[in-house]
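The values are calculated or read from the model by the stated rules, or taken from the named source; none is laboratory data. Just so you know, these numbers come straight off a predicted model, no measurement behind them. Methodologically, a virtual Cβ is constructed for each residue, glycine included, from the backbone with ideal geometry; neighbour enumeration extends over all protein chains shown. Ligands, DNA and RNA are stripped out before the accessible areas are found, and what is left, the full protein with its side chains, is counted by its heavy atoms. Shrake-Rupley method; radii C 1.70, N 1.55, O 1.52, S 1.80 Å.
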Amino acid sequence: MLNKPHNMALAHPKKKFWNWGPLFFSSFFFFPLLTNWQELSLSDIAAQLAIYALFVFLYGIALYKKGESVTPSLAAMALLCCLGTYVTYGTHSLFGFIGFFCGFNYRRKQSFMMMAALLVVIIISALLFVPVKSLYFVSPAAIVSIGLFIFGMMEQRERLYRDQQEKDQQQIEQLGAIAERERIARDLHDLLGHSLSSIALKAELASKLTAAGANAQASQESEQVAQLARDLLSEVRQAVSGLKQVGFYAQIDVLVTRLQDAGFIVEQSIERVSLSAEQESNLCFIFKEAVTNIIRHSKGKYVKLHVSSHNGVVELLIQDDGIVKKYQCGNGVEGIKDRVATLQGQCDICTDSGMAINIQFKERIV
């Protein structure tokens, strides 16, 4: 059940018509005046107009009072209606507005207490100022007040529900932003970590070789540092380009182009499957890392890329026909395995005929 706070005001900042529009029904206040105006003095007419104007003024104040802070305004409205009954029994049409505030501005227990107090005021008004026709005064006033009291509680519940939905949506957006930042941070770590470590080690080695007088070897290490830096810059550019793509399948198109530019013949069997944003992000990294390894290390000519889904299980295959003499699990492959673990999937690597990475995981649409 939704908790009912004390900090809501009935007035809606974007719906001014609905704040004041209900006062149209307060026009019933003037029915006695219209039916008996010939029998009334100017002072009686002025008194009735003054009562109505003061009620509208108090109503406007109550609109912007939050929660139980509306109590003084409602007390003043109830007293005005009670005393105004001495002048005109048209006040029975105004009690309902107080009933709506009772249902909207208070917690459940307090709202029933306020409504009971309002009914008491209605009965007292009738007994004091309309003794002959008390029933005809109390009945419409009580029925309308109880009805609007119920509508007030419903409006409160609806407002609370909408507010909770907005808060939930904001939390989802915040969590999504946090997850996206974590994803980018992990991608950058996977992309830059190993290469920067290699650059640092080789630069340190070159410095030591220079100090030892091995200038030729130091020069060779410096060239390797420069080459590593160029490769890293190229990877960063590709990563940025990948972020600008529309998704996983656009990333595959980019990678296929890279393979073809490197001289590979690519066989594609790509089925459209339902993926969450997190799954797409991980698959983009897996395919990019696998293709980068093929371009760097494979001596083959053919590459096969396969994506399919069957009974809620996604299957991926990235395979080349190069000759693998000695297989060593490096940082790239370890990164792929980590991403598969994030997907709660299974990764099998076979080197019998080239390098084949087979991955399976369950669809998880978010």
**Report entry** the chain: DSSP helices with Cα axial extent of at least 18 Å and average Kyte-Doolittle hydropathy no lower than 0.5
**Finding:** 42-63, 71-84, 108-129
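Counting only protein heavy atoms and using a 1.4 Å probe, what share of the accessible area of the chain belongs to carbon plus sulfur, as a whole percent? Provide the component values of the computation, followed by the final result.
Working: 12920 of 21620 Å².
After summing per-atom areas, the C and S share lands at 60 percent.
Determine the equivalent ellipsoid of the range 286-328 by diagonalising the alpha-carbon gyration tensor, then write out the semi-axes as square roots of 5 times the eigenvalues, largest first, rounded to whole Å. If you can, show how the numbers build up before the last one.
Values: eigenvalues 112, 21, 20 Å².
Working through the eigenvalues yields semi-axes of 24, 10, 10 Å.
To the nearest 20 debye, what is the magnitude of the charge dipole of the chain about its Cα centre, counting +1 on the Cβ of each Lys and Arg and -1 on the Cβ of each Asp and Glu? Can you show the working numbers first?
Numbers: 35 positive and 33 negative charges, 190 e Å.
Dipole about the Cα centre, nearest 20: 920 debye.
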Query raised in the report: By the scheme Lys and Arg +1, Asp and Glu -1, what is the net charge of all other residues having a beta-carbon under 11 Å from that of K208?
Result: -1
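Hey, what's the chain come to in accessible area per residue, 1.4 Å probe, Å²?
Numbers: 21620 Å² over 366 residues.
Per residue, the chain has an accessible area of 59 Å².
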Query raised in the report: Quick one: which of 251-257, 45-51, 18-24 comes out on top by average Cβ neighbours within 10 Å, and what's the full order, highest first?
Result: 251-257, 45-51, 18-24
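Report the extension gain between T342 and L23 in nm, rounded to one decimal, defined as 0.36 nm multiplied by the number of residues separating them, less their alpha carbon distance. Don't skip to the end; give the middle numbers.
Working: separation 319, 0.36 × 319 = 114.84 nm, distance 5.93 nm.
Taking 0.36 nm per residue and subtracting the Cα distance, the gain is 108.9 nm.
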Query - the range 24-91 - convex hull of alpha carbons, volume per residue in Å³ - result: 77 Å³
